[in-house]
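What follows is a short report on a single structure.
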Amino acid sequence: MERRRRPPRPRPWRRQPREAPGVTGLQLLAGVAVVMALEGLLYAAFPDAMRRALAGISAVAPERLRLVGLGVAVTGIALATFLVRG
C-alpha cells in the first residue's frame, strides 16, 4: 500500500521574504537617458560656452581632475542611493 504525503502545514511565524529595494536595469537606463538629454541640451543651447568649458578642463592638472571626478562620482552614488532607498 502506498502512503500519501501530507502537504506541509503553513507556518504563520515565518516571515515571507521581502524583495530588496534597489535599482532595476530599466531605472538605471532611464537615469542614463536623462543625463544624455541634459548634456545634449547644454551643447545645443550653449555651444560656445561648452567649448570654452572643455578648453578650460584641458588646462587642469590630471591629479586635480581625478580628485574632482572621484568626488562627483561619490556624490552621485550617494544621491542615487538616497533617492532609491529613501
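The values are calculated or read from the model by the stated rules, or taken from the named source; none is laboratory data. If you're wondering where the values come from, they're calculated on a predicted model, not measured in any experiment. Heads up, the Cβs are rebuilt from the backbone with ideal geometry, glycines too, and the neighbour counts pull from every protein chain shown.
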>> Can you tell me how many residues within the range 45-57 are in a helix (DSSP H, G or I) and within 23 Å of residue 76 (Cβ to Cβ)?
In response: 7
>> Among the residues of the range 50-72, are any among the β-branched types (Val, Ile, Thr), within 16 Å of the chain's Cα centre (by Cα) and surrounded by 10 or more Cβ atoms within 10 Å (Cβ to Cβ)?
In response: yes
> Any chance the range 10-22 includes a residue that's at pLDDT 90 or above and among the charged types (D, E, K, R)?
Replying inline: no
